[in-house]
């Protein structure tokens, strides 16, 4: 009942409310983006979604237009030169994710769920994870987004290894594990706590609170700790 009906009602309510609240942010951000960087406001990218079907995600443009074909490709590093000056601010505050409200209204995303991956990164997950991870709609935020809040820094600190290889060998298996954990624990309580933690880690990015709230969450391997 929660997954099939109540969760969708909550998604519509929160996304409509968020659209009204953040409408004032959309306008100035759009103007600033038009006047800076490559003068683009929107960024649409093909991602893997519900039941492994592809869709286009909405974002504010924060990187150079051809960035997927430059540098580290689908992975973004700390102080990545492909990120524009205003893009750094939008990414740090997560304002760049706000346009995904439209994805929620369209029904191809939820407020809470596994983050939608580009196909190149989706294929880095172990095969068993690929079969399970999008049995729930992808979300604007999720347990993976919270636990890997500093993913860019984590990849950058392990510069001795190729970023793509590091992601596949170390990050993807654990990220997939906790996203599957989410699907086994979907509930109103879980989703509300994830929304709360999303705001919490903006101010306390190194907080261990997610593991205190979700006591049975698979523990982060030592090699993924900063």
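Of the residues in segment 1-22, how many are modelled with pLDDT under 90 and more than 28 Å from residue 67 (Cβ to Cβ)? Outline the logic, then answer.
Filtering segment 1-22 for residues modelled with pLDDT under 90 gives 1, 3-4, 18-22.
Filter once more, so that each one left must be more than 28 Å from residue 67 (Cβ to Cβ): 1, 3-4, 20-21.
Count: 5.
Which condition breaks for residue 38 when tested against (1) in contact with a helix residue (DSSP H, G or I) (Cβ under 8 Å, 6 or more places away or on another chain); (2) touching a residue at least 12 places away in the same chain (Cβ under 8 Å); (3) farther than 26 Å from residue 168 by Cβ; (4) not in a helix (DSSP H, G or I)?
The failed condition is (1).
In contact with a helix residue (DSSP H, G or I) (Cβ under 7 Å, 6 or more places away or on another chain), touching a residue at least 40 places away in the same chain (Cβ under 8 Å), assigned to a loop (DSSP other than H, G, I, E, B) and surrounded by 12 or more Cβ atoms within 10 Å (Cβ to Cβ) - does that describe any residue in segment 173-181?
No, segment 173-181 has no match at all.
For segment 205-223, indicate whether the set of residues that are modelled with pLDDT under 90, part of a helix (DSSP H, G or I) and in contact with a helix residue (DSSP H, G or I) (Cβ under 7 Å, 6 or more places away or on another chain) is non-empty.
yes
Could you tell me whether any residue of segment 190-197 is touching a residue at least 60 places away in the same chain (Cβ under 8 Å), part of a loop (DSSP other than H, G, I, E, B) and under 25 Å from residue 108 (Cβ atoms)?
no
Return yes when residue 33 is assigned to a helix (DSSP H, G or I), buried (at least 18 other Cβ atoms within 10 Å of the Cβ), in contact with a helix residue (DSSP H, G or I) (Cβ under 6 Å, 6 or more places away or on another chain) and modelled with pLDDT under 90 and no when it is not.
Working: assigned to a helix (DSSP H, G or I): yes; buried (at least 18 other Cβ atoms within 10 Å of the Cβ): yes; in contact with a helix residue (DSSP H, G or I) (Cβ under 6 Å, 6 or more places away or on another chain): no; modelled with pLDDT under 90: yes.
Answer is no for this residue.
The values are calculated or read from the model by the stated rules, or taken from the named source; none is laboratory data. All figures in this text were calculated on a predicted structure; none of them were measured in a lab. Reconstructed Cβ throughout: ideal geometry from the backbone, glycine too, with neighbour counts over all protein chains shown.
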